[in-house]
Amino acid sequence: MSDVLLQAKNLSIRYLDSREWVVRDFSFELHEGEILCLRGRSGVGKSTVTAAMMGMLSTCNAVAEGELDYRGRSLIHSDERTLRDVRWHEIALVPQSSMNAFNPAYTIRKTLREMMKLENRRVTAAEMTRREEALMDAVHLDRSVLNCYAHEMSGGMKQRAAIALALVYTPKLLILDEATTGLDIKVEADVLGAILQIKKRTNMTLLFISHDARLGDHISDRRVEMR
């Protein structure tokens, strides 16, 4: 088995307005290059663990105990500067609600370019055009979608555009939080196919957050249950 990329040991998380632990003593390992499905029923704390992986517990008014490390760096005890270096650049998230990934006043092109400029203020228009077109190709979207607003797109198109947005910085780990929830079977297959092709081409590590055992069994190397 390849090196451990992400590891949780006795991870417990609660919100500051409650004494109850949403997640208690949860442990798992994610190995570099694998596809892991993190599965559990609704309300078991999957999205809370996702927030911890993104170093965003403080924005959720939550605190954690135990360990959650990415390549030896703590995702729950590090300062914000360290977390910014990891968030989106090393670990990226495709959220459950793809509409929320986009500013409704921005086209997909403008959204992608804002991300590129945050990474490199000197990036040229030609470089941005190459990158945004390559991203559209990677997620099986026509390049004309770059000129669309989120409300002009179908659910499957928005989900694939959200994947493109998550890939702007070429992360090592891509987290998909219920990425195909609400999509019909044909669209789900297309979205998953695009993701798996990207994984095959880049050897990116994938973590699927899902309540669907069928999905976990179908595409993942392993499945971890949250109870």
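Listed values, structure above:
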item	result
Number of the exception - Lys117 against (1) basic (Lys, Arg); (2) modelled with pLDDT of 95 or more; (3) in contact with a Ser or Thr (Cβ under 6 Å, 6 or more places away or on another chain)	(3)
Scope region 81-96; condition open to solvent by 50 Å² or more (accessible area, probe 1.4 Å) and either within 19 Å of the chain's Cα centre (by Cα) or modelled with pLDDT under 90 (or both); matching residues	Arg84, Asp85, Trp88, His89, Gln96
Sole residue being among the small types (Gly, Ala, Ser) and open to solvent by less than 40 Å² (accessible area, probe 1.4 Å), chosen from Ala101, Ala125	Ala101
Qualifying residues in region 109-122 (those that are of a type in the set (A, V, I, L, M, F, W, C) and out of contact with any Lys or Arg (no Cβ under 9 Å at 6 or more places or on another chain)) - the one most open to solvent (accessible area, probe 1.4 Å)	Leu118
Region 54-74 - residue that is in a strand (DSSP E or B) and of a type in the set (D, E, K, R) and, of those, farthest from Trp21 (Cα to Cα)	Arg73
Of the criteria (1) out of contact with any helix residue (DSSP H, G or I) (no Cβ under 6 Å at 6 or more places or on another chain); (2) in a loop (DSSP other than H, G, I, E, B), which one Ala134 fails	(2)
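Residues checked against (1) of a type outside the set (Ser, Thr, Tyr); (2) out of contact with any Ser or Thr (no Cβ under 7 Å at 6 or more places or on another chain):
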| position | (1), (2) |
| --- | --- |
| Tyr15 | no, yes |
| Val22 | yes, no |
| Glu34 | yes, no |
| Gly45 | yes, yes |
| Thr48 | no, yes |
| Met54 | yes, yes |
| Ser58 | no, yes |
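Results for (1) at positive phi; (2) part of a strand (DSSP E or B); (3) touching a residue at least 40 places away in the same chain (Cβ under 8 Å); (4) in contact with a Cys (Cβ under 7 Å, 6 or more places away or on another chain), shown as yes or no for each residue.
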site	(1), (2), (3), (4)
Pro171	no, no, yes, no
Gly182	yes, no, no, no
Asp190	no, no, yes, no
Ala194	no, no, yes, no
Phe208	no, yes, yes, yes
His218	no, no, no, no
Arg227	no, no, yes, no
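The values are calculated or read from the model by the stated rules, or taken from the named source; none is laboratory data. Nothing here was measured: the structure is a model prediction, and the numbers come from that model. Every residue, glycine as well, gets a Cβ built from its backbone with ideal geometry; the counts of neighbours run over all protein chains shown. Heads up: the accessible areas ignore ligands, DNA and RNA and are worked out on the full protein's heavy atoms, side chains in. Shrake-Rupley method; radii C 1.70, N 1.55, O 1.52, S 1.80 Å.
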